[in-house]
Amino acid sequence: MTHPAQPKASHFINGAYVEDTSGTPIPVVYAASGEQIAVVYAATPAIVEQALASGKAAQKAWARMTGTERGRILRRAADIIRARNHELSVLETYDTGKPLQETLVADATSGADALEYFGGLAGSLTGEHIPLGEDWVYTIREALGLCVGIGAWNYPTQIACWKGAPALACGNTMVFKPSEATPLCALKVAEILHEAGLPAGVFNVVQGMGEVGGALVTDPRVDKVSLTGSAPTGKKVYAAAAEGMKHVSMELGGKSPMIIFDDADIENAVGGAINGNFYSSGQVCSNGTRVFVQKGIKEKFLARLAERTGNAVIGDPMDEATSFGPMVNENQMNIVLGYIEKGKAEGARLICGGARCDMPGWYLQPTVFADVTDGMTIAREEIFGPVMSVLDFETEEEVVARANDTEFGLSAGVFTKDFTRAHRVIGNLEAGSCFINSYNDAPVEAPFGGVKASGVGRENSKEAIKHYSQVKSVYVRMGDVEAAF
């Protein structure tokens, strides 16, 4: 009997499910048990061609529709997603291993939020009139054309919507390639968009590994590439897109600082550190994995953190009581175990966790290291797992300099009751998405993205519109043309 997670086919192209079993099989393994629950096939060159050709063919007619008409379809898709939140959350849990307690409130719902927000914005995308005495200029905001979206494995539903919604609102079409580690959810997004009235070919999904991504990114018909992934992948994709002078958005990794001052509310600071390190089992790009704690409250903070981390309910992700799930796959679990060993070897003090859980699936204990110094591997490299590094600091000037001493710049957080200091410190931190007395909130209304090696461009908010559209300016002369001869 086929597993309920098995999709109808591997790809969704031109408004229908499409299969081609001659592609490389991609097994879908459930992270909580290690059992194979589905299989999809990587896109063959013929499948890639079919997807790009259908996206290209559908674009002009889609862009000619009014923004209000396009928005109505996106908003209808948002309503369908909300109505089916439970089944989509179950699928997300099968795809990623994240606990149902989390997917029910964070995944399909945030995808629906993006479709609703950009659906609402679509009708408001206008140019401007620029008066120049008797003459004038008007501008037209136009679609870029055909976009390629490349997703990461930690938020498969959300990323498909975060990229698809602004692209479609602006009149672009998209070919989306999910991560090969989590291929299931984007297909449902495509199916629901089509059900909501999206014309065939406007949003297509193809499966595959790096070579499929490479074929999509380098195709001359593609006008824009949007990637969510690691910094090394980002550099490769950016370079390949630059070759064809394509527009890009890069949402990459981070090693973000969370700074906790002596006067912070300890419970809130511990809560922020837990959210910024252990939500999604630590598999979040914006996580605040370098937790700088001012010396005066260090031991009090660590004691309370260890106590609250002990309350994590590790178990079956389908049980809504479970609050901490497995890593996405065995490979990622082993990468993180390697970092934990480095933390121990380099002299960090293990406060809690530090090992694999004794149960089936790819479970790791939530792990906290204290007495971490800036040069340690666990303080320099993105781990992408449930490993928190706690570092000591004494002064504001010192901690700002140390927080900024990294190639990354995705997020940053400050916990303090002194609001002047909070804004001053955030103002001095090199990061794109920042938090005061909170961590990792990502409402669709706010721009999301990083600086330095953490990427270029922004997702969400009105800022995203700029990355999925371009402006044409038209000079209108009302009088006679003067010429030299």
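The values are calculated or read from the model by the stated rules, or taken from the named source; none is laboratory data. These numbers were taken from a predicted model, which means no experiment stands behind them. Note: ideal-geometry Cβ built from the backbone for every residue, glycine included; neighbour counts use all protein chains shown. We work out accessible area using only protein heavy atoms, side chains counted, and drop any ligands, DNA or RNA first. Shrake-Rupley method; radii C 1.70, N 1.55, O 1.52, S 1.80 Å.
At a probe radius of 1.4 Å, what is the per-residue accessible area of Glu445, in Å² to the nearest 10? Rounded to the nearest 10, the figure is 120 Å². 3J(HN,Hα) couplings calculated from phi for the stretch 55-68 with the Karplus curve 6.51 cos²θ - 1.76 cosθ + 1.60 (θ = phi - 60°) are, in sequence order, x, 5, 5, 7, 5, 4, 5, 5, 5, 6, 5, 5, x, 4 Hz; Gly and Pro show x. As a fraction of the 1.4 Å probe accessible area of the chain, surface on carbon and sulfur atoms comes out at 53 percent.
Near the amide H of Val18, within less than 5 Å, lie the amide hydrogens of Ser10, His11, Phe12, Ile13, all on another chain or at least 5 residues away, with H placed in the peptide plane.
Evaluate E = 1/(1 + (r/R0)^6) for Ala5 and Ala83, where r is the Cβ-Cβ distance and R0 equals 30 Å; express this FRET efficiency to the nearest 0.05. Working from the Cβ atoms, E equals 0.90.
Annotation for the stretch 1-57: GluC sites (Glu not before Pro) lying in DSSP loop with at most 16 further Cβ atoms inside 10 Å of their Cβ are Glu19, Glu35.
Reducing the stretch 245-288 and the stretch 308-356 to their Cα centroids gives an inter-centroid distance of 17 Å.
Counting only protein heavy atoms and a 1.4 Å probe, the chain has 39 square angstrom of accessible area per residue.
Ordering Thr395, Thr139, Thr173 by accessible surface, largest first, gives Thr395, Thr139, Thr173; the 1.4 Å probe counts only protein heavy atoms, with every chain in place. In a fully extended conformation the segment linking Ala200 and Lys235 would gain 9.4 nm over its present Cα-Cα distance, using 0.36 nm per residue. The distance between label points at Tyr17 and Lys295 comes to 6.3 nm (points 7 Å beyond Cα on the Cα→Cβ vector). Could you give the distance between the Cα centres of the stretch 126-179 and the stretch 23-80, to the whole Å? If we compute the Cα centre of each part, the gap is 17 Å. Between Glu243 and Val105, the simple label model (points 7 Å from Cα in the Cβ direction) yields a spacing of 4.6 nm. Remark: the stretch 176-269 carries a charge dipole of roughly 580 debye about the Cα centre, counting +1 on each Lys and Arg Cβ and -1 on each Asp and Glu Cβ. Which residues does the label zone of Asp392 cover in the stretch 347-383, counting backbone N under 13 Å from a point 7 Å along Cα→Cβ? The answer is 349, 370-374, whose backbone nitrogens lie closer than 13 Å to the label point.
A Förster radius of 41 Å, combined with the Cβ-Cβ distance separating Trp136 from Ala61, puts the computed FRET efficiency at roughly 0.85. Only Lys, Arg, Asp and Glu carry charge here, each on its Cβ (+1 for the first two, -1 for the last two); on that basis the chain has a dipole of about 720 debye about its Cα centre. Does the chain come out rounded, prolate or oblate by the C-alpha gyration tensor, with a ≥ b ≥ c the root eigenvalues, rounded set by a/c under 1.5 and, if not, prolate when a/b is larger than b/c and oblate if not? Since a/c reaches 1.5 but b/c is at least a/b, the shape of the chain is classed as oblate.
Pick out, from Thr126, Ser10, Phe408, the residue whose Cα sits farthest towards the positive end of the charge dipole of the chain, with +1 on the Cβ of Lys and Arg and -1 on the Cβ of Asp and Glu. Working it through, the farthest residue towards the positive pole turns out to be Thr126.
Ranking His11, His247 from most to least accessible surface, computed with a 1.4 Å probe over the protein chains only, gives His247, His11. For the stretch 1-90, applying the loop criterion from DSSP together with a ceiling of 11 other beta carbons within 10 Å to the trypsin sites (Lys or Arg not before Pro) yields Lys8.
Summed over all non-identical Cα pairs, the Kirkwood treatment of the stretch 255-352 gives a radius of 14.8 Å.
Extending 7 Å from Cα along the Cβ direction at Val451 and again at Ala483 yields two label points whose distance is 5.0 nm. Under 5 Å between amide hydrogens, built in the peptide plane, is the criterion, and for Leu364 it picks out Met327, Cys357 among residues at least 5 positions away or on other chains. Among the GluC sites (Glu not before Pro) in the stretch 125-234, those placed in a DSSP loop whose Cβ has at most 10 other Cβ atoms within 10 Å are Glu134. In this calculation the C-beta distance from Val471 to Asn334 is compared with R0 = 60 Å, giving a FRET efficiency of 0.80.
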